[in-house]
Amino acid sequence: MLIAGDVLMDWTEAARQDPFAGVVPALSSADVAVVNSEQAIGAGGVADAKEFTFIAPPSAATTLATAGIDVVSLGNNHAKDFGPDVFGQTRQLLADAGIVSIGGGANVEEAFAPASLDVKGVKVAIFAATTILPGGFAAGRERPGVASADDDAGKDRLVAAVRAAKAFHPVVIVFLHWGIERDVCPSPEQTTLADRLVEAGATVVVGAHPHVLQPVVARPGSLVAYSLGNFVFHNRTGPAGETIVLELRFTGPTLIGFAGHPHELGTGVPLPANPDAAQRIADRLNPLGCNLA
């Protein structure tokens, strides 16, 4: 499995550029590839009244599929930037491209439902949710939106969903939108929720939203990658321009290893990192830097 962080494709689609062409290993080489869509995908709508709103044209869904991406998280603070109609377009365009979307739905039940995959005979459940929640973004009983884990009830619901899925899926992955922007160490909210999810049966917990890398903590049978940083974005340098492709290796349902393939964004498109950047990235992934080991 290959997992990467925040993907924003407004300018690359306008330039007719494939932002995934230089990624190593290629996302299409994985049995399952997952990213977070830090954007609405579609046309029209009205921008939400917040500082940053992002939308990529409908062709972005095809670009994601052509890159080999199988699952896309909508559980974030940008998927509904252009209102419920465009949010519906996003989900439909991804589905039409053969991509499973998670963390968002026509109602709260759909939003909290995992992707349930059979990967070489192993049942895998992949959830997504967000603790970063603009007003009106949360899915409701009859309202489309994202899976909200911004309060205790939402966190409890996610933990319960993971526990229920584990009964039928030996591998459970949770992709969370959480943390504090530009902080290189996870917040207490992140570490507490990660521990709860692992205890409930999550094999892997990964995150995005801080726009920088945060440590990867591996324990017997589980792994937490607190933030994978930006993956495709606007022009970014420094810590915001350094990222990884997280590779998870399994034998059957057993997680046997992982690797963080270092990349730099530069103009916003990920390319394999030079040796100096690769060392900086490795240092940021080290849990000792945040007293997590």
**Request:** Can you tell me how much longer the chain between D85 and D152 gets when fully stretched, taken as 0.36 nm per residue apart minus their C-alpha distance, in nm with one decimal?
**Result:** 21.3 nm
**Asked** What's the center-to-center distance, using Cα atoms, between the stretch 204-276 and the stretch 136-184 in Å?
**Response** 20 Å
**Request:** Please identify, among V205, V122, V184, the residue showing maximal mean-square fluctuation in a Gaussian network model of the chain using a 10 angstrom Cα cutoff.
**Result:** V122
**Message:** At R0 = 22 Å, how high is the FRET efficiency between S187 and A218 if r is their beta carbon distance? Nearest 0.05 is fine.
**Reply:** 0.65
**Request:** Please arrange T203, T191, T130, T254 by counting, for each residue, the other beta carbons lying within 10 Å of its beta carbon, fewest first.
**Result:** T254, T191, T203, T130
**Request:** Mind sorting out which of [x] 6, 23, 29, 22, 12, 5, 2, 1, 0, 0; [y] 6, 29, 39, 23, 3, 0; [z] 7, 32, 39, 20, 2, 0 is the real P(r) over Cα pairs in 10 Å bins from 0, in percent computed from the coordinates?
**Result:** [z]
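For the chain, what is the calculated [θ] at 222 nm in deg cm²/dmol (nearest 500), taking -39500 (n - 2.57) for each run of four or more DSSP H residues and dividing by its residue count?
Values: 7 runs with 71 residues, N = 293.
Per the formula, -7000 deg cm²/dmol.
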**Item:** Sequence-distant lysines (8 or more away, or on other chains) whose Cα lies within less than 29 Å of K120
**Value:** K166
**Item:** Choice from G103, G179, G121 with maximal GNM fluctuation in the chain (Cα, 10 Å cutoff)
**Value:** G121
**Message:** Using square roots of five times the C-alpha gyration tensor eigenvalues, list the equivalent-ellipsoid semi-axes of the stretch 190-293 in whole Å, biggest first.
**Reply:** 25, 14, 12
**Prompt:** Which is the longest part of the chain that has none of the chymotrypsin sites (Phe, Trp or Tyr not before Pro) sitting in a DSSP loop with at most 12 other Cβ atoms within 10 Å?
**Reply:** 169-293
**Request:** Quote to one decimal, in nm, the extra length available between D276 and A167 on full extension: 0.36 nm per residue of separation minus the C-alpha distance between them.
**Result:** 34.8 nm
**Item:** Spatially proximal lysines relative to K50 (Cα-Cα < 18 Å; intrachain offsets below 8 disregarded)
**Value:** K80
**Fill in**
Under the 7 Å Cα-to-Cβ spin-label approximation, Q92 and R16 lie apart by a distance in nanometres of 2.6 nm
**Complete:** For F168, the net charge from surrounding residues (Cβ-Cβ under 15 Å; K, R +1; D, E -1) works out to +2
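Order these by the 10 Å Cβ neighbour count, fewest first: I180, I99.
I180, I99
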**Message:** Let's test the formula: R0 of 30 Å, r as the Cβ-Cβ distance of T254 and R141. What FRET efficiency results, to the nearest 0.05?
**Reply:** 0.20
**Item:** GNM result for the chain, Cα springs below 10 Å: residue of P114, P210, P253 fluctuating most strongly
**Value:** P253
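Coordinate-derived values only; no laboratory data. Predicted model, so just to flag it, every value in this text is computed and none were measured. Neighbour counts are summed over all protein chains in view; Cβ atoms, including those assigned to glycine, are modelled from backbone coordinates with ideal geometry.
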